[in-house]
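The values are calculated or read from the model by the stated rules, or taken from the named source; none is laboratory data. As the structure is a prediction and not an experimental result, all values here were calculated from the model. Ideal geometry is used to build each Cβ from the backbone, glycine not excepted, and the neighbour counts take in all protein chains shown. The protein model used for the area step is the full one, side chains on, heavy atoms only, and it has no ligands, DNA or RNA in it. Shrake-Rupley method; radii C 1.70, N 1.55, O 1.52, S 1.80 Å.
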Amino acid sequence: MICARCDKPIRPGEEYVRVDNPGASGAGSTLYIHAVRCVPVPQQTYPVRPLGR
């Protein structure tokens, strides 16, 4: 199986989470992702809008 987040293989014995993704106009799909977060959560490093406006 391939992880939907990082596109790397999920090895035998490694924990994963199965996520069902229903399709609106057709058949849905099942995604597999690593149980331990494999891609870091993005962090905002600058303000949303400039201060003083």
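Some points to look at:
- Per residue value of the accessible surface for the chain (all protein chains in place, 1.4 Å probe), Å²: 93
- Computed over protein heavy atoms with a 1.4 angstrom probe, the accessible surface ordering of Tyr16, Tyr32, largest first, is Tyr16, Tyr32.
- Efficiency of FRET between Lys8 and Val48 - r from beta-carbon atoms, R0 30 angstrom, step 0.05: 0.40
- Counted residue by residue at 0.36 nm each, then reduced by the alpha carbon distance between them, the extension gain from Val39 to Ala24 reaches 2.6 nm.
- Annotation: amide H-H contacts under 5 Å for Tyr16 (H modelled 1.01 Å from N, sequence separation of 5 or more, or interchain): Ala35.
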